[in-house]
Amino acid sequence: PSAEEVRALLDAARRVDPRAAAFIRVIAATGMRRGEACALRWSDIDWEVGRVRVDESVVSTHGGSLIKGPKSRAGIRGVAVDAGTLERLRELRVDRETFAATCEVALIDGGFLFSSEPDGSAPPHPDSMSHVFARVRSDAGVASDVHLHSLRHFQSTELDPVISEAQKQARLGWSTVHMARHYTDAITEEDRRAADHIGKVLG
């Protein structure tokens, strides 16, 4: 999708609800996989540094879903996020806390960001989030051949002129990257540059 289409998706998502807005923003801003976003927990967010830790994924199974570790070590990573994305996540946190209080339960600190459970105890099913995206896509007037995974391609293409190939591989968790994972600390500044660039594109 073009940057204009992605911005239209984000605008439409904000009209749906905070959960849809934050979910689609996170994927557009980080390029993480659908299942990785579904598995994000509140404890994975470093609010001070502006990073999220990716170390799990929710996968579809017959009759349900399963939380699994990454397919490779490259899948375990910290990803810098921009100020706009953090703001969507803060809005989501307020919304989830309000929901939990209404249901007279406490939001679990290690609960799942995009859970439909009041306490955040269970991750969303990846297919259900794809259905949410389809609704948002329709509202935004974006072509039906644009899927959640298309936002990962958007991230990869958008970052080509901004950061090195090794950093892009590390950011997206590609299994083809080997040595780059050993130098994560050395390329944090590059990852921050990537996050800030994407944040400006997304608006």
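The values are calculated or read from the model by the stated rules, or taken from the named source; none is laboratory data. If you're wondering where the values come from, they're calculated on a predicted model, not measured in any experiment. Heads up, the Cβs are rebuilt from the backbone with ideal geometry, glycines too, and the neighbour counts pull from every protein chain shown. Ligands, DNA and RNA are stripped out before the accessible areas are found, and what is left, the full protein with its side chains, is counted by its heavy atoms. Shrake-Rupley method; radii C 1.70, N 1.55, O 1.52, S 1.80 Å.
Ala20 falls short on exactly one of the conditions (1) surrounded by 19 or more Cβ atoms within 10 Å (Cβ to Cβ); (2) in contact with a strand residue (DSSP E or B) (Cβ under 7 Å, 6 or more places away or on another chain), and that condition is (2).
Could you tell me which residue of the range 126-167 is farthest from Met32 (Cα to Cα), considering only residues that are at pLDDT 95 or above, outside any helix (DSSP H, G or I) and open to solvent by 40 Å² or more (accessible area, probe 1.4 Å)? Result: Gly141. Taking the listed residues Leu107, Leu89, the one that is of a type outside the set (Gly, Ala, Ser), in contact with a helix residue (DSSP H, G or I) (Cβ under 8 Å, 6 or more places away or on another chain) and assigned to a loop (DSSP other than H, G, I, E, B) is Leu107, with no other qualifying. With respect to the conditions (1) aliphatic (A, V, I, L, M); (2) farther than 17 Å from Leu172 by Cα; (3) surrounded by 13 or more Cβ atoms within 10 Å (Cβ to Cβ), Leu66 falls short on a single one, namely (3). Sub-7 Å Cβ pairs linking a first residue in the range 133-153 that is under 19 Å from Phe114 (Cβ atoms) and of a type in the set (Val, Ile, Thr) to a second residue that is open to solvent by less than 50 Å² (accessible area, probe 1.4 Å) and in a helix (DSSP H, G or I), at least 6 apart or interchain, are Val136/Leu9; Val136/Ala12; Val136/Ala13; Val136/Val16; Val136/Ala20; Val136/Ile24, ordered by first then second residue. Among the residues of the range 35-53, some residue qualifies, meaning at least one is open to solvent by less than 30 Å² (accessible area, probe 1.4 Å), in contact with a Phe, Trp or Tyr (Cβ under 7 Å, 6 or more places away or on another chain) and within 16 Å of Ser150 (Cα to Cα). The number of residues in the range 118-132 being under 17 Å from Glu56 (Cβ atoms) and free of Cβ contacts under 8 Å to residues at least 12 places away in the same chain comes to 1.
Within the range 7-27, residues that are more than 17 Å from Gly120 (Cα to Cα) reach partners that are among the acidic types (Asp, Glu) and open to solvent by 30 Å² or more (accessible area, probe 1.4 Å) with beta carbons closer than 6 Å, at six or more positions or on different chains, in the pairs Ala12/Asp139. Entry remark, the range 71-86: residues being in a loop (DSSP other than H, G, I, E, B) and buried (at least 19 other Cβ atoms within 10 Å of the Cβ) number 2 in total.
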